[in-house]
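First comes the structure, then the notes that go with it.
The values are calculated or read from the model by the stated rules, or taken from the named source; none is laboratory data. Just so we're clear, the structure is a prediction, and the values are computed from it rather than from any experiment. Don't worry about glycine lacking a Cβ; one is built from the backbone with ideal geometry, like all the others, and counts go over all protein chains shown. Each accessible area value is taken on the protein alone, full model and side chains, heavy atoms only, with ligands, DNA and RNA left out. Shrake-Rupley method; radii C 1.70, N 1.55, O 1.52, S 1.80 Å.
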Amino acid sequence: MSKSILQSRADLFAQLAPSPAEHFKLCFYAAVLRVIKQCFETLGSRAAAFEQFPFLAGYNAELAAHAVDELSCEEACRVWDEGLRAWEDGTDEHLPLRALREEACLDRDTLSLMMCVGLVEEDARFGLLFALLQGTPEQHRPTTGLLNQWWRRLGEDTEARAELRRLRELGLLEVVNEDAPRVEWAWQLPGLLWDALRGDAHEELAPWLRYTPPAQLLSSEELVVRESLQDSLKIIPALLESGEAQTLVVRGPQHNGRRTVLGAVAREMGCGLLEAVGVGPKDDGRWRLVGPLATALDALPVLVLDLGPGETVQLPRLKACAQPLCVVLGKQGGLSGQGAERALTLTLEMPGRAARRTLWQRSLGARGATDADELEQISERFRITSGNINRAAGLAQAYASLGGHKAVAMSDAQQASRALNRQALDTLAMRVEASGDWQRLAASDETMRELRELESRCRHRERLHEAVGFGLSTQSNSGVRALFTGPSGTGKTLAARLLASTMQMDLYRLDLSLVVNKYIGETEKNLNRIFARAEELDVILLLDEGDALLTQRTSVQTSNDRYANLETNYLLQRLETYEGILIVTTNAGDRIDTAFQRRMDIVVDFRAPEAAERWAIWQLHLPQAHTVDDELLDEVAERCVLSGGQIRNAVLHASLLALDDGGAEVNSTHLLAAVRREYRKAGAVCPLRL
């Protein structure tokens, strides 16, 4: 071969831009050359091959531009590989195929085998070629038998079977028909990986997989985090790159900037971020794909896991990937295995008041609050995660536009927050409408005093643990836990609704039918999920008839007793770390474990109303236009020992009787009938004279 031809070929390679797309094209043609060589040998001649597969003549014409058509097939493959190697050595650009070959320790023949399997992804005509050559018209992907025959010719003593097995273990190839005999196994290259090797880096790769390029990641200086974490983020990239740390774990509530922090680390390392949600070693196919994809995309692999209490995930090392592994976790769950041996752990707490103000201001942008006081009130009121602040700010702007407001007001932020709450909590708990103030509750002076103390505790819950001494501040958090005890119908649930209305917070009742599960450990997982969402969204959580869950522990007589005690122990621990507002109501306080009562910050006792309180309840419930005789009403309040709930039911029935009378006002006759009905329901004798 003349020097002029060699120089011409080198010049043609040198003219190609150093990009992933051009590199992929060169590797693709290297695989095409090998397929053409095998077709020539199988069919006996070049003419026979081009006659049966005319599209190969087109590829041959394209290759002629690189001066390989006058060479023998074997020499053409060798020369092409030499030119490709020289072209690769002349660029420092990230080339996905080169990076994957180096990290997986693949030789060029094995890489060519992998590309040969993927040819049908780029040109469907290769599928027909494979089907005809292996005698399987319905199978358009290369089988083990065909590949083994071809590569045995190339490497003489080398079989493709072993390399195929290795490529599969690395996650680079997968079998389409595992139920077939192994020699008939059809192979394919995962579509996500093929796109990445071509240089196509989309953000939404799959429902469970997302890629973010370095330019879209925030730097550590842009993050709104505590100063100590800022300092750590400047050191962590060097520790990961040197191998001193193998894994980086970030814990904290959902939507609280965990992945944003990892994005800052990735940007500092000069790479993108590849987030795999809910993928673990048990998801064999997806797990094996994470490493090669991270290498091809030059991204930091991140596993986003949502583990329940007591759950542990064993993390083996990712294959074909030199990047350190990052894991996003909540407060629960643990890691084990090789990936956890040398792991750094960062914990992101809920943002404080100053951080929330900065986040609101940044998220609202030019259309911020009217003034500094409005912004301060919004940041003080909504103790939610950083991600939820960003989402709520966007919704608040929409509500401001809908309401014709020039700037986002507190009412817009409340509507936005409520929309977020419904998205996250409506499947876990039931929202309870809350309106009114304490004047709607008729209770004893002592009960009202305790309720107002509870309101004060809720308003100052963030500042309280800052105002106490160091020894106490380390033992407390921003959570408020209250227990309402007393007979049924004494206003416990009403008091919870009025507290939510006074605090301008949403109230959600825990649905025990969705929580309690007969399978071991599932109840704890459900409770943890609800508690975590309530903390992140800053709602008041109501556990009605809480004695069903907060029951006393018993001696272990059966396995059921053992697991019931485990649930109780979990609840005790979770209540101590709970950072939201929790209200537990019960009319059987004696059945609640004393350990729960010790963990309650405030216990409010609701007693059956006295005569004066009953009179006030009647006044609150009766319509303003009633014509009930005052003396009768005084006698009913004095002699009829009814609870608030019974009085409510009596007023509803009296109003119904009035409507039946043609819409007349509620009168004494209606009231007497309604009171006697309540006594009949209770199986008692009405004390009123006829």
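Observations on the model:
- If you plug the beta carbon distance of I235 and A21 into 1/(1 + (r/R0)^6) with R0 = 41 Å, you get a FRET efficiency near 0.65.
- Relative contact order (%) - the chain, alpha-carbon pairs under 8 angstrom, separation at least six: 9
- Distant alpha-carbon pairs in the chain (separation over 38 angstrom), percent: 55
- Rounded percent of accessible protein surface that carbon and sulfur make up, the stretch 340-491, 1.4 Å probe: 48
- Packing around the peptides 88-95, 524-531, taken as the average count of other Cβ atoms within 10 Å per residue, puts them in this order, highest first: 524-531, 88-95.
- Per residue, in Å², the accessible surface of the stretch 90-138 once ligands and nucleic acids are set aside, probe 1.4 Å: 42
- Rounded tilt (10° steps) of 3-14 against the dominant C-alpha axis of the chain: 10
- When H405, H626, H23, H202 are compared by accessible surface with a 1.4 Å probe, the order from highest to lowest is H202, H405, H626, H23.
- Rounded tilt (10° steps) of 20-43 against the dominant C-alpha axis of the chain: 50
- Length released on extending from H460 to T42, taking residue separation times 0.36 nm less the Cα-Cα span: 142.2 nm
- Based on Cα atoms of the stretch 206-297, Rg over Rh with Rh as the Kirkwood radius reads 0.96.
- Sites D630 and R362, calculated FRET efficiency, Cβ-Cβ separation with R0 56 Å, nearest 0.05: 0.40
- Exposure rank, largest accessible area first [W208, W287; 1.4 Å]: W208, W287
- Label point 7 Å beyond Cα of L620 along Cβ direction - residues of the stretch 656-672 with amide nitrogen under 12 Å: none
- To the nearest ten degrees, helix 611-621 and the longest principal axis of the Cα atoms of the chain are 60 degrees apart.
- Scaling against 2.2 N^0.38 Å puts the C-alpha radius of gyration of the stretch 594-635 at 1.89.
- Rounded to the nearest 10 Å², the accessible area of D630 at probe 1.4 Å: 110
- Using a Förster distance of 25 Å, the FRET efficiency for S228-E102 (Cβ separation, nearest 0.05): 0.10
- Phi-derived couplings, Karplus 6.51 cos²θ - 1.76 cosθ + 1.60 at θ = phi - 60°, listed residue by residue for the stretch 102-119: 6, 5, 8, 6, 9, 7, 5, 5, 5, 4, 5, 4, 4, 5, 4, 4, x, 4 Hz, with x used for Gly and Pro.
- Computed Kirkwood radius, in angstrom, where 1/r is averaged over Cα pairs of the stretch 84-220: 16.6
- Hydrodynamic radius of the stretch 571-690 per Kirkwood, over alpha carbon pairs, in Å: 16.8
- DSSP bridge orientation in the chain - percent antiparallel, rounded to nearest 5: 25
- Ranked from largest to smallest solvent-accessible area, with a 1.4 Å probe on the protein heavy atoms, K37, K25 come out as K25, K37.
- The stretch 205-249 shape via C-alpha gyration tensor axes, a/c threshold 1.5: oblate
- Solvent-accessible area per residue in the stretch 152-285 equals 49 Å², computed with a 1.4 angstrom probe and all protein chains kept.
- Reciprocal mean inverse distance between Cα atoms of the stretch 326-422 - Kirkwood radius, Å: 14.9
- Among L395, L197, G663 - extreme Cα towards positive end, dipole of the chain, charges at beta-carbon: G663
- Only helices enter the 222 nm calculation for the chain: every DSSP H run of n ≥ 4 contributes -39,500 (n - 2.57), and dividing by all residues gives -16500 deg cm²/dmol, rounded to 500.
- Apportionment of accessible area to carbon and sulfur, the stretch 34-136, percent (1.4 Å): 48
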